[in-house]
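The values are calculated or read from the model by the stated rules, or taken from the named source; none is laboratory data. Keep in mind it's a predicted model, so treat the numbers as computed, not measured. Cβ placement follows ideal geometry from the backbone for every residue including glycine, while neighbour counts extend to all protein chains displayed.
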Amino acid sequence: MSEKDSEMSCINSVAEDMFLEGGDIILDKKCDVDMDWEPVTSAPVSKWPHGVEQQDNSSGEELPFPQNSRRPRGRGQGRGKGRGVEQQDSSSGEEPHLPTPQNSRRQRGRGRGKGRGCSQARSTSPSEERWNDVDVPDITPPQPTFRPRNVPGTQLIRTATYTALQLFQLFFTNSVLKKILQNTNNCGSTHHSTPSIPWIDLTMQDMFAFMSLVVYMGVGKCFSFTDYWCGGYLYSLLFPRRVMTGKKFLRISLSLHLSSSVGDAANDERRGTGAYNHLGKIKPLYKEMRDSCRRNYHPGQKIAIDERMVASKARTGLKQYMKNKPVCWGYKLFVLADSRNGYTWDFFVREGARQTVRIWACGTIRTNRIGFPRSKVNILVSKSPRGSIRWIRNGSLLFVHWRDTRDVFLCSTLHSAHAEDTVQRRVKGADRQWQLKDVSVPPVVKDYNRCMGGVDHSDALIGYYKVLHKTQRWYKTPLH
């Protein structure tokens, strides 16, 4: 045998040995150049199924493959090794770990699925958050000190007697009415004056008469404006006829304008920019009305902040939709009212997102909000009795979960988690009879129920004299 034939036989024998071992002469060739790469440590992968012992192959004989299993291909085994599957050294004398058949499959890709699963498991298992019950004591946050600037209540002279007109002028001052009168005359003479019916400028007496009819229409309900001046037996209302004719009232309603035409033109040029004022059409009345509400009354310590909807379907960006409200479409107002009597101390129209203000507050919260605890440890279950309490404190912010007829979730910055407060509820006893029972209640729930009705009380008072006029301009709706 020549030297060349000897070398070729040596190469063939190495290739045959690697093929019998399930390797590949090209992919499994050792290279001394790439010394920095290290395979990912993982469990050894065996080509033997679970329950088949690996026999000693010291005799050099080829072992038969077990039944119902395929013989591994040379390139597949080499690829598995090159992608991070570490083989265990059989010379150590330790018995290799035999994985189950479903775990012995070669992993595809870079293991992203397994990595994502591990990170998700770590993120959904918070170790510090835990819902506590009433057996765990809670701290009492520092309570705010109420130092009112003025004596809470009305800021009028208590010994004086005021007429209805004087009380009306506390909110609709003469300066506001003069601005509305001037802007209405400018709008009427520009847009609603014809040669056959010229525009006649209104006076302050005409404006007071118009406002009195608007208030009167909130007391007496009719289907249309013309019904107030109808002469039939069904209506025959005397007050509207004595104050103003129906045609004049409708003409004033058509020409009513709260802002000046010069200011509207300047504001329209800023449309689409950050300097554009969405409330420019109602700015004079809007600002003066807020100042009057704050000037004539000082609220107490217990106040309520809630939403109020002004019904409207005008085609403007200020219109909001709230699904579960009695008034679904309209302008959304955030109202600050006194919890004792429902007086509206301040309000503003929602224009968009605003910066938050640091105040002591409590209220209900949805469980899907950002920041709500995601812990499932020691939560209330379906069999938890009525009156059960769970809570989590995150610094000064307290989250409370209370079981009543339904689950209630609240957050607070001024309450402790639990106390000895109770409320009476009708529950069905073991004898199937309804009876009163004292149920534990968190302090935040009692204060919320006692103080949060301020805006609802204010809405009820306004609802008795609500005037819903269908207008062609959106800025006339807040006036009514």
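Points worth noting:
- Annotation: of all residues in segment 286-335 being free of Cβ contacts under 8 Å to residues at least 60 places away in the same chain and hydrophobic (A, V, I, L, M, F, W, C), the one that is nearest to Arg450 (Cα to Cα) is Phe334.
- With respect to the conditions (1) at pLDDT below 85; (2) in contact with a helix residue (DSSP H, G or I) (Cβ under 8 Å, 6 or more places away or on another chain), Val408 lacks only one, and its number is (1).
- Considering each residue of segment 190-197 in turn, at least one proves to be within 29 Å of Pro284 (Cα to Cα), free of Cβ contacts under 8 Å to residues at least 40 places away in the same chain and not assigned by TED's automatic domain parsing to the domain that holds Gly300.
- Residue match in segment 259-279 (condition: of a type in the set (Phe, Trp, Tyr), part of a loop (DSSP other than H, G, I, E, B) and farther than 30 Å from Phe409 by Cβ): yes
- The residues of segment 128-172 that are among the aliphatic types (A, V, I, L, M), within 22 Å of Ile303 (Cβ to Cβ) and not in a loop (DSSP other than H, G, I, E, B) amount to a single one, Leu170.
Let's see how each residue does on (1) within 15 Å of Val349 (Cβ to Cβ); (2) assigned by TED's automatic domain parsing to the domain that holds Ala361; (3) within 29 Å of the chain's Cα centre (by Cα):
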residue	(1), (2), (3)
Gly274	no, no, yes
His278	yes, no, yes
Ile282	yes, no, yes
Leu285	yes, no, no
Glu288	yes, no, no
Ile303	no, yes, yes
Glu307	yes, yes, yes
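- Residue in segment 228-248 that is of a type in the set (S, T, N, Q), in contact (Cβ under 8 Å) with a residue 12 or more places away in the chain and either in a helix (DSSP H, G or I) or assigned by TED's automatic domain parsing to the domain that holds Asp346 (or both) present: no
- Extreme residue, modelled with the highest pLDDT, among residues of segment 449-470 that are part of a loop (DSSP other than H, G, I, E, B) and of a type in the set (Lys, Arg): Lys466
- Qualifying residues in segment 366-380 (those that are among the polar types (S, T, N, Q) and closer than 12 Å to Ile392 by Cα) - the one surrounded by the fewest Cβ atoms within 10 Å (Cβ to Cβ): Asn378
- Here Gly387 clears all of (1) surrounded by 18 or more Cβ atoms within 10 Å (Cβ to Cβ); (2) among the small types (Gly, Ala, Ser); (3) within 21 Å of the chain's Cα centre (by Cα) except the condition numbered (3).
- Ile282 meets all of the listed conditions (1) in a helix (DSSP H, G or I); (2) crowded, with 18+ Cβ neighbours inside 10 Å; (3) free of Cβ contacts under 8 Å to residues at least 60 places away in the same chain but one, namely (3).
- Elements of type strands (runs of 3 or more DSSP E) contained in segment 340-448, each with 2 or more residues being aliphatic (A, V, I, L, M), in the same structural domain as Gln320 (by TED's automatic domain parsing) and over 30 Å from Gly153 (Cα atoms): 389-394, 397-403, 422-428, 434-440
- Where Pro152 falls short, out of the listed (1) surrounded by fewer than 12 Cβ atoms within 10 Å (Cβ to Cβ); (2) modelled with pLDDT of 90 or more: (1)
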